[in-house]
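Chemist: Here's a structure for you.
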Amino acid sequence: MLSRSCFDLLNLDPIEDFRTATRIPRLMTVPRVISEFETDDNHQNDDVPADSPVPHQRRIIVANQLPIRASRDAKTSKWSFELDHDSLVLQLRDSFKPDVEVLYVGCLKAEIDPSEQDEVASLLLHEFRCVPTFLSMDVQNKFYHGFCKHYLWPLFHYMLPMTPSHGARFDRALWQAYVSANKAFADRIIEVLNPDEDFVWIHDYHLMVLPTFLRKRYYRVKLGFFLHSPFPSSEIYRTIPVREEILRALLNCDLIGFQIFDYARHFLSCCSRMLGLHYEFKRGYMGLEYYGRTVSIKMLPVGIHMDQLQSVLSLEDTARKVKQLKEEFEGKTVILGVDDLDLFKGISLKFLAMRQLLEEHQNLRGKVVFVQITNPARSRGKDVQDVLNETSAIAKEINQRYGEPGYQPIIVINGPLTTQEKAAYYAISECCLVNAVRDGMNLVPYKYTVCRQGSPVLDRALGIDEADRPKTSVIIVSEFIGCSPSLSGAIRVNPWNIDAVSDAINLATTMPEAEKQFRHDKHYKYISSHDVAYWARSFDQDLERACREHYRRRCWGIGLGLGFRVVALGPNFRKLSVDHIAHAYKNANSRLILLDYDGTMTPQASVDKAPSSEVISVLNCLCNDPKNVVFIVSGREKDSLSKWFSLCEKLGLSAEHGYLTRWAKDSPWETCTLAMEFGWKNIVLPVMEPYTEATDGSFIEQKESALVWHHQDADPHFGSSQAKELLDHLESVLINEPVVVKRGQHIVEVKPQGVSKGIVVQNLISTMQSRGKPPDFLLCIGDDRSDEDMFKSIVHSSSNPSMPAIAEVFACTVGQKPSMAKYYLDDTVDVIKLVQGLAAASSTQPKLAQFQKSFEGFI
């Protein structure tokens with residue numbers, strides 16, 4: 001019986017109600033008639049009739065819910081559908097060019113009987129370009145209401161399930177439902193996907209493992225993912241039992257988007273701590289190298305649909321509603337809150353701040369009204385009911401204590417309200433209070449600002465002369481929500497600090513008009529220029545950029561289950577095998593073999609850095625071949641290398657990146673021919689020491705030619721951060737010194753200019769040539785940035801007329817990553833196997849030569 005850890009989730013069968021659904025064609029050859037769908041993937045690009053209405057480009061937008069409202073006629077039992085214009089995924093389509101087709105994949109908000117699903121799917125495709133994913137009620141409840149809303153969503157908002165009554169704990173059955181639902185989405189997408197042309201944009205935490213299913217089917221599929229919720233810090237995220245599966249699934253995308261840098265930083269920290277991945281900036285873009293693919297990271301907050309909201313503000317019905325509300329609240333200052341009914345929106349905290357305000361400022365009683373609009377909860381459960389009970393009790397208590405005939409300090413309006421109705425409340429409110437304790441973005445302040453800007457229709461209805469009365473607004477915003485950084489004119493508050501929120505409300509009610517206008521203009525300028533079209537267009541452009549290299553690389557898949565990933569390598573970059581190199585090795589008469597040590601001949605994570613008996617044996621075997629010159633080229637100091645390789649009498653050693661070299665055990669150490677001066681060490685050491693004291697697990701290594709700060713045993717995130725700081729610090733103080741400051745794998749090193757492993761390669765080749773044995777075979781293996789100097793030197797030596805031409809060159813890096821090397825090996829185990837294979841070839845050659853000589857004598 002398979003254990004749960006061996007359960008191959010990628011091979012799950014589609015859920016029962018989805019399995020029977022009719023496959024949807026990629027194109028229609030006759031209006032309103034569905035053509036037969038070709039199931040053979042090898043023929044998916046067959047010729048298409050010239051008159052087929054195929055657009056130049058297509059975007060497949062995938063979200064948990066389709067932008068569709070469904071209703072059923074009680075008498076006829078017929079379904080009717082209409083577009084949900086408030087849906088963000090529908091609004092983003094306006095950012096695309098007219099020749100771009102947008103196709104939606106997602107679930108409906110209504111339960112459709114299996115007997116009606118084919119008819120509904122056909123209707124939605126024809127009328128709305130929507131492809132519905134049908135889930136059984138059991139899967140839907142476990143997937144959405146179970147794993148998504150009661151486990152992932154609270155945890156991504158920093159709420160750990162410490163007790164059974166305080167959030168739902170991880171449940172394997174719910175997780176499997178989550179994976180099943182994601183696979184159902186993948187099956188639906190694959191039915192309509194043209195992997196060579198289409199771009200797929202996946203939205204939010206409901207579908208975080210979907211990228212793996214799509215990437216497994218099509219290695220070069222163009223995938224983008226945007227997370228609308230927060231991404232928690234690594235301390236929170238690491239509590240998820242399936243944390244690596246989710247991370248690796250997201251890394252199967254080409255582009256991952258976040259609302260703000262904090263969320264992206266948390267994601268990158270998780271990748272660093274759990275997967276050992278590090279991000280880099282390249283030409284202004286942030287990316288992660290993942291098995292030869294660059295996964296781009298983007299930070300861009302969502303915007304609102306300006307045209308849609310402005311059209312609502314231009315309606316006469318909206319103007320009448322605004323005028324009515326203005327009369328209703330005449331003489332009062334309206335503070336507005338608009339929130340979903342959930343425990344993270346801080347509604348009760350706002351009410352408590354309102355109570356504090358009325359208690360401390362009695363002059364505001366009867367003058368300030370707090371209007372709270374609550375949207376229906378997106379899920380169900382005890383937590384929602386608890387929030388409702390708590391907020392109702394607090395509002396009732398405040399109204400009883402501070403209310404009077406004709407005046408209620410807190411007015412709670414339970415939604416849903418239409419966009420028109422909300423716009424009217426926005427327009428008449430002097431201040432908007434968004435007090436969530438944690439929220440991914442929250443667009444309420446944006447909508448409020450645009451509604452306060454108004455329209456000519458509203459101004460006429462209210463009798464306002466736009467020239468005489470400038471637009472004003474005040475926003476109080478929690479510092480823990482995504483929109484906070486973009487609202488530079490807002491009053492930022494800690495929602496847990498009731499006193500601070502109360503003071504902020506008081507400040508908003510007493511703020512001078514000129515300051516309100518200044519803050520409003522600042523916000524409106526940003527919001528109007530960074531709308532939903534700007535956001536979608538920017539993401540789409542970056543997705544196109546991230547996918548440009550797809551067809552310039554060779555790809556293949558590795559890994560099982562949700563650990564599946566694609567290895568992408570350059571067209572000339574391939575794995576080095578003994579079979580590939582053996583022929584050239586046997587035919588060579590003068591060989592030069594250069595091997596890095598740490599990370600190449602021994603694992604980086606090894607506690608005991610001394611070479612194993614296996615390594616010593618294979619090196620001696622290579623060195624005993626008279627045709628071989630074998631060198632360990634390392635950054636380590638000479639004393640360690642001399643001690644470790646004392647049993648290898650014929651092995652050459654190059655220490656401290658080539659500053660010191662010896663050709664054999666009985667040979668003297670030779671220093672680099674460059675003139676050296678080490679006064680700079682007196683500058684570097686005092687700089688490194690404070691970083692060592694502040695970074696637990698770090699230490700300084702003092703070499704003859706260099707100083708190295710190591711942080712391999714420090715906290716990965718903090719150590720990396722300190723290394724960046726130290727690098728910048730050293731570069732600034734050593735700007736006039738003849739040294740190079742380099743960052744390597746878990747190190748920051750300062751060494752003299754002109755000393756590098758690349759110089760070692762040149763010197764060794766020149767020396768062999770001067771001795772009358774120029775190499776006709778060169779093997780060079782290394783794993784980190786310092787070894788790239790060797791690979792670079794080898795590439796340049798081939799075009800240098802002063803250097804001998806080498807017939808066979810094998811430059812090989814350890815790990816599948818961008819490199820100047822032409823070949824790669826997966827890890828140190830593969831390196832040892834390759835070297836053992838060459839050693840075996842060396843040991844058979846003398847026997848073969850002796851046999852041939854004897855045979856010739858016999859003849």
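Chemist: Taking only pairs six or more apart or across chains, which ones have beta-carbon atoms under 8 Å, a first residue in the stretch 632-650 that is part of a loop (DSSP other than H, G, I, E, B), and a second residue that is of a type in the set (Phe, Trp, Tyr) and open to solvent by less than 50 Å² (accessible area, probe 1.4 Å)?
Modeler: These pairs meet every condition: SER634/TYR597; ARG636/TYR597.
Chemist: Next question. Which one is most open to solvent (accessible area, probe 1.4 Å) among residues in the stretch 720-746 that are at pLDDT 90 or above and within 18 Å of GLY276 (Cα to Cα)?
Modeler: The selected residue is GLN722.
Yes/no per residue for (1) among the β-branched types (Val, Ile, Thr); (2) at pLDDT below 95; (3) at negative phi:
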residue	(1), (2), (3)
LEU352	no, no, yes
VAL384	yes, yes, yes
ILE410	yes, no, yes
PRO445	no, no, yes
SER455	no, yes, yes
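Chemist: Kindly list, by first and then second residue, each pair from a residue in the stretch 443-463 that is polar (S, T, N, Q) to a residue that is in a helix (DSSP H, G or I), limited to pairs with Cβ atoms under 6 Å and residues at least 6 apart or on different chains.
Modeler: Here the result reads THR449/HIS523; THR449/TYR524; THR449/ILE527; GLN453/TYR524; SER455/LEU313, each pair linking the stretch 443-463 to a residue that is in a helix (DSSP H, G or I).
Chemist: Just give me the residues in the stretch 206-223 being open to solvent by 10 Å² or more (accessible area, probe 1.4 Å) and closer than 20 Å to PHE147 by Cβ, in sequence order.
Modeler: HIS206, PHE213 - these are the residues of the stretch 206-223 that are open to solvent by 10 Å² or more (accessible area, probe 1.4 Å) and closer than 20 Å to PHE147 by Cβ.
Chemist: Select from the stretch 769-794 the residues that are surrounded by fewer than 17 Cβ atoms within 10 Å (Cβ to Cβ) and under 23 Å from TYR659 (Cβ atoms) and list them in ascending order.
Modeler: Passing the criteria: GLN769, SER770, ARG771, ARG785.
Chemist: Please find, within the stretch 164-180, the residue that is nearest to the chain's Cα centre (by Cα) out of those that are hydrophobic (A, V, I, L, M, F, W, C) and at pLDDT below 95.
Modeler: PHE170
Chemist: Just give me the residues in the stretch 487-505 being assigned to a helix (DSSP H, G or I) and either open to solvent by less than 40 Å² (accessible area, probe 1.4 Å) or in contact with a Leu (Cβ under 6 Å, 6 or more places away or on another chain) (or both), in sequence order.
Modeler: ILE498, ALA500, VAL501, SER502, ALA504, ILE505 - these are the residues of the stretch 487-505 that are assigned to a helix (DSSP H, G or I) and either open to solvent by less than 40 Å² (accessible area, probe 1.4 Å) or in contact with a Leu (Cβ under 6 Å, 6 or more places away or on another chain) (or both).
Chemist: Closer than 21 Å to LYS757 by Cβ, modelled with pLDDT of 90 or more and of a type outside the set (Val, Ile, Thr): which single residue out of LEU685, LEU707 fits that description?
Modeler: Result: LEU707 is the single residue among LEU685, LEU707 that is closer than 21 Å to LYS757 by Cβ, modelled with pLDDT of 90 or more and of a type outside the set (Val, Ile, Thr).
Chemist: Given the conditions (1) under 30 Å from PRO626 (Cα atoms); (2) surrounded by 13 or more Cβ atoms within 10 Å (Cβ to Cβ); (3) of a type outside the set (Val, Ile, Thr), and given that SER698 satisfies all but one, which numbered condition is not satisfied?
Modeler: Result: SER698 passes all but (1).
Chemist: For PHE231, which of the numbered conditions (1) of a type in the set (Phe, Trp, Tyr); (2) at pLDDT 95 or above; (3) surrounded by fewer than 19 Cβ atoms within 10 Å (Cβ to Cβ) fails to hold?
Modeler: (3)
Chemist: While we're looking at this one, here's another question. Would you pick out the residues in the stretch 506-559 that are part of a loop (DSSP other than H, G, I, E, B), open to solvent by 60 Å² or more (accessible area, probe 1.4 Å) and more than 26 Å from GLY287 (Cβ to Cβ)?
Modeler: Scanning the stretch 506-559 gives a single hit, PRO512.
This table checks each residue for (1) open to solvent by 20 Å² or more (accessible area, probe 1.4 Å); (2) out of contact with any Phe, Trp or Tyr (no Cβ under 7 Å at 6 or more places or on another chain); (3) under 20 Å from SER766 (Cβ atoms).
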{"site": "MET601", "(1), (2), (3)": "no, yes, no"}
{"site": "SER613", "(1), (2), (3)": "yes, yes, no"}
{"site": "LEU619", "(1), (2), (3)": "no, yes, no"}
{"site": "ASN628", "(1), (2), (3)": "no, yes, yes"}
{"site": "GLU637", "(1), (2), (3)": "yes, yes, no"}
{"site": "SER667", "(1), (2), (3)": "yes, yes, yes"}
{"site": "PHE678", "(1), (2), (3)": "yes, yes, no"}
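Chemist: Quickly run through the stretch 702-749 and pick out the residues that are part of a loop (DSSP other than H, G, I, E, B) and free of Cβ contacts under 8 Å to residues at least 40 places away in the same chain.
Modeler: HIS711, ASP713, ALA714, ASP715, ILE735, ASN736
Chemist: Please determine whether any residue of the stretch 468-479 is at negative phi, hydrophobic (A, V, I, L, M, F, W, C) and not in a strand (DSSP E or B).
Modeler: no
Chemist: Scanning for something in a helix (DSSP H, G or I), modelled with pLDDT of 95 or more and aliphatic (A, V, I, L, M), does the stretch 212-228 turn up at least one residue?
Modeler: yes
Chemist: Take the stretch 594-609 and flag every residue that is outside any strand (DSSP E or B), within 15 Å of LYS757 (Cα to Cα) and not aromatic (Phe, Trp, Tyr).
Modeler: If the condition is that a residue be outside any strand (DSSP E or B), within 15 Å of LYS757 (Cα to Cα) and not aromatic (Phe, Trp, Tyr), then ASP596, THR600 are the ones that fit.
Chemist: Could you count how many residues in the stretch 232-251 are in a loop (DSSP other than H, G, I, E, B) and within 18 Å of ALA63 (Cβ to Cβ)?
Modeler: Looking only at that region, the number is 0.
Chemist: Pick from GLU479, GLU430: which is over 33 Å from the mean Cα position of the chain (by Cα) and either open to solvent by 10 Å² or more (accessible area, probe 1.4 Å) or over 20 Å from GLY346 (Cβ atoms) (or both)?
Modeler: Answer to the selection: GLU430.
Chemist: I need the helices (runs of 4 or more DSSP H) fully contained in the stretch 95-203, keeping only those with at least 3 residues that are within 24 Å of ALA546 (Cα to Cα), touching a residue at least 60 places away in the same chain (Cβ under 8 Å) and open to solvent by less than 50 Å² (accessible area, probe 1.4 Å).
Modeler: In the stretch 95-203, 172-192 are the helices (runs of 4 or more DSSP H) which contain 3 or more residues that are within 24 Å of ALA546 (Cα to Cα), touching a residue at least 60 places away in the same chain (Cβ under 8 Å) and open to solvent by less than 50 Å² (accessible area, probe 1.4 Å).
Chemist: Does ILE593 qualify as being aliphatic (A, V, I, L, M), buried (at least 20 other Cβ atoms within 10 Å of the Cβ) and either more than 42 Å from the chain's Cα centre (by Cα) or at pLDDT 90 or above (or both)?
Modeler: So ILE593 fits the description; yes.
The values are calculated or read from the model by the stated rules, or taken from the named source; none is laboratory data. Please read all numbers here as calculations on a predicted model, not as lab measurements. Note: ideal-geometry Cβ built from the backbone for every residue, glycine included; neighbour counts use all protein chains shown. Quick note on the areas: whole protein, heavy atoms, side chains included, nothing else; ligands and nucleic acids left out. Shrake-Rupley method; radii C 1.70, N 1.55, O 1.52, S 1.80 Å.
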